Amino acid sequence: QVQLVESGGGLVQPGGSLRLSCAASGSIFSINLMGWYRQAPGKQRELVATISSSGSTNYVDSVVKGRFTISINNAKNTVYLQMNSLKPEDTAVYYCNRVSSFYPWGQGTQVTVSS
């Protein structure tokens, strides 16, 4: 069974940066479109950005375009999310998963942007 483990979150001041990682068991990325999702308190989980195994990217949430960068390392079965110019509204638990036919969700990683 595929296991997804997210890491890299934390508390950061507005304008700061974080780099999230999502490590997956098994070689899944070669046949999957992967995405980063986030769920803010009291809100539904939303898709933020996607990446294919070939590195094609799409920033679904327009508010992160230009600030977030999604990338993939197929050899390490890891997807990254570089987040710059963070804002308080970016505060959420961040998850990775396929874009459809989800794997079991990981525990996520908490990102808190606050002064």
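List pairs: first residue in segment 74-86 and on the phi > 0 side of the Ramachandran plot, second residue in a loop (DSSP other than H, G, I, E, B) anywhere in the structure, Cβ distance under 8 angstrom, at least six positions apart or on different chains. Within 8 Å, the pairs are Asn77/Ser25; Asn77/Gly26; Asn77/Ser27; Asn77/Ile28; Ser85/Gly15; Ser85/Ser17; Ser85/Arg67. Contact annotation: no residue pair with Cβ atoms under 8 Å, 6 or more positions apart or on different chains, pairs a residue in segment 55-66 that is in contact (Cβ under 8 Å) with a residue 60 or more places away in the chain and farther than 10 Å from Met34 by Cα with a partner that is open to solvent by 80 Å² or more (accessible area, probe 1.4 Å) and of a type in the set (Gly, Ala, Ser).
Residues in segment 43-70 that are open to solvent by 50 Å² or more (accessible area, probe 1.4 Å) and at pLDDT below 95: how many?
Number satisfying all stated conditions: 9.
Among residues of segment 16-40 being open to solvent by 50 Å² or more (accessible area, probe 1.4 Å) and in contact with a Ser or Thr (Cβ under 6 Å, 6 or more places away or on another chain), the one that is modelled with the highest pLDDT is Leu33.
The values are calculated or read from the model by the stated rules, or taken from the named source; none is laboratory data. Please read all numbers here as calculations on a predicted model, not as lab measurements. All Cβ positions, even for glycine, are placed from backbone atoms using ideal geometry, and neighbour counts span all protein chains on display. Only protein heavy atoms, including side chains, enter the accessible area calculation; ligands, DNA and RNA are left aside. Shrake-Rupley method; radii C 1.70, N 1.55, O 1.52, S 1.80 Å.
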